[in-house]
Amino acid sequence: EGSGHPIWVSQIPVPWSPEMLKGKRVIVTGASTGIGEEMAYHLARMGSHILITARTESKLQKVVERCRELGAASAQYISGTMEDMAFAEHVVKEAQTSLGGLDMLILNHVGTSYFGYFDGDVGHVRKLLEINFLSYVAMTVSALPMLKESEGSIVVVSSMAGKVGFPFTVPYSATKFALDGFFSSLRQEFHIQNINVSITLCILGFIDTDRALRAAADVLLVPPAPRAECALEILKGGALRRRELYYRYGSTRLPLLLRDCAAELLDRLVRSRYRLDRIGTGQRRHPPAPPDRR
Ligand SMILES: NC(=O)c1ccc[n+]([C@@H]2O[C@H](COP(=O)([O-])OP(=O)(O)OC[C@H]3O[C@@H](n4cnc5c(N)ncnc54)[C@H](OP(=O)(O)O)[C@@H]3O)[C@@H](O)[C@H]2O)c1
């Protein structure tokens, strides 16, 4: 390896330090609320250059203001919808023009879906694939030249529901499985081509964001984990160039170990976490977003 160190030196785990993200240029999508918002605040405290995006401009403005107060090297936002691939690409181009490059691309946004039995709406599945999956692909493609240049990182926020079948979020689960297929395959090609851009897939359990609590707090038997801690773990995983990040570890990684040796047991374990008596048939528990917030 050009540095003159023996090869095993690169295998020694590096300890985490917030300094790792100081001065780094980072895009966080879906940062107007929830885990994305918390990631923006952590990055601000670490002194990063932050570019955030989501649809709701008024919320983004407030998050950016707070980031500046917390010590961000710089903070800015672009509002728009990830249903539009041209917008997804535009966000990345903005990093080029205003930050002169990119060190970390954090893909975190998700479109609104419902909580309940699959209702057969194919159009909704297609739309959700565009927002939760295709826009991730589009942003990655646009960002790759900058990330190759900086030897940077891609952080993809997924879920337990992207590793094992989950009931009541069928379209959402499908989009998260798609992310695993795309980014795990891409990581293989990066290794083969010696492209030094890391890809971290984040497997999250139930987190206490407003959206998740509204959708599932009364039907899930598991306690939610805190979003601020979750956000920090994601940033650490990305900075340390981990392949996958599990949060919380005990309630995500350990059950998933059963997937290949006792799949039916894992399926049953997943089902046992729901209060099935509280699930309505085809009922939309998750209020749809206002029609146009662009
Ligand atoms: N919370 C959990 O229990 C949990 C569990 C597993 C995985 N995760 C994953 O963690 C990530 C963050 O989740 P969260 O709970 O923090 O969600 P959240 O609070 O609902 O945040 C979602 C973000 O995406 C944005 N967004 C929604 N639709 C959009 C669109 N069409 N175009 C652009 N942006 C859009 C939202 O802002 P606007 O509405 O302003 O656009 C918001 O900033 C997601 O990838 C989710 O799948 C969460």
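The values are calculated or read from the model by the stated rules, or taken from the named source; none is laboratory data. Please read these numbers as outputs of a predicted model, since none were measured by experiment. Don't worry about glycine lacking a Cβ; one is built from the backbone with ideal geometry, like all the others, and counts go over all protein chains shown.
Do the conditions hold for L102, that is, is it surrounded by 24 or more Cβ atoms within 10 Å (Cβ to Cβ) and farther than 21 Å from D180 by Cα? Here the answer is yes, as L102 does meet what is asked. Each residue in the range 5-28 was checked for being over 25 Å from R68 (Cβ atoms), part of a helix (DSSP H, G or I) and among the aliphatic types (A, V, I, L, M), and 2 of them qualify.
Only one entry in I199, I203 is within 11 Å of the ligand (Cβ to nearest atom), buried (at least 17 other Cβ atoms within 10 Å of the Cβ) and either modelled with pLDDT under 95 or under 15 Å from the mean Cα position of the chain (by Cα) (or both), namely I203. Residues of the range 127-166 that are farther than 21 Å from A86 by Cα and surrounded by fewer than 19 Cβ atoms within 10 Å (Cβ to Cβ): K148, E149, S150, E151, G165.
Residue-by-condition table, conditions (1) of a type in the set (G, A, S); (2) under 22 Å from R187 (Cβ atoms); (3) in contact with a Pro (Cβ under 6 Å, 6 or more places away or on another chain):
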| residue | (1), (2), (3) |
| --- | --- |
| M82 | no, no, no |
| G100 | yes, no, no |
| N108 | no, yes, no |
| S113 | yes, no, yes |
| G123 | yes, no, no |
| S135 | yes, yes, no |
| G152 | yes, yes, no |
| V155 | no, yes, no |
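Take the conditions under 17 Å from E38 (Cβ atoms) and either exposed (fewer than 14 other Cβ atoms within 10 Å of the Cβ) or within 10 Å of the ligand (Cβ to nearest atom) (or both) and apply them to D210. Does it pass? Step through it out loud before you land on a result.
Working: under 17 Å from E38 (Cβ atoms): yes; either exposed (fewer than 14 other Cβ atoms within 10 Å of the Cβ) or within 10 Å of the ligand (Cβ to nearest atom) (or both): yes.
Yes, satisfied.
The residue that is farthest from A228 (Cα to Cα), among those in the range 39-68 that are within 11 Å of the ligand (Cβ to nearest atom) and small (G, A, S), is S58. Every condition in (1) assigned to a helix (DSSP H, G or I); (2) within 16 Å of the ligand (Cβ to nearest atom) is met by A31 except one, and the failing one is (1).
Of the residues making up the range 221-242, those that are buried (at least 17 other Cβ atoms within 10 Å of the Cβ), more than 9 Å from the ligand (Cβ to nearest atom) and not in a loop (DSSP other than H, G, I, E, B) are L232, E233, L235, K236, G237, G238, A239. Set side by side, the residues E83, E94, E57, E38 differ, and just one is in contact with a strand residue (DSSP E or B) (Cβ under 9 Å, 6 or more places away or on another chain), touching a residue at least 24 places away in the same chain (Cβ under 8 Å) and among the charged types (D, E, K, R), which is E94.
Just one of (1) in a strand (DSSP E or B); (2) touching a residue at least 60 places away in the same chain (Cβ under 8 Å); (3) more than 12 Å from the ligand (Cβ to nearest atom) fails for A75. It is (2).
Residue by residue, here is whether (1) without any contact (Cβ under 8 Å) to a residue 12 or more places away in the chain; (2) in contact with a helix residue (DSSP H, G or I) (Cβ under 6 Å, 6 or more places away or on another chain) holds:
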{"site": "R126", "(1), (2)": "yes, no"}
{"site": "P145", "(1), (2)": "yes, no"}
{"site": "G165", "(1), (2)": "no, no"}
{"site": "F177", "(1), (2)": "no, yes"}
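Could you tell me which residue of the range 176-215 is farthest from G116 (Cα to Cα), considering only residues that are assigned to a helix (DSSP H, G or I) and polar (S, T, N, Q)? Restricting to residues being assigned to a helix (DSSP H, G or I) and polar (S, T, N, Q), the top hit is Q188. Which of the following residues is out of contact with any helix residue (DSSP H, G or I) (no Cβ under 8 Å at 6 or more places or on another chain), within 19 Å of L21 (Cβ to Cβ) and not aliphatic (A, V, I, L, M): G116, G100? None of the other options fit; the residue is G100.
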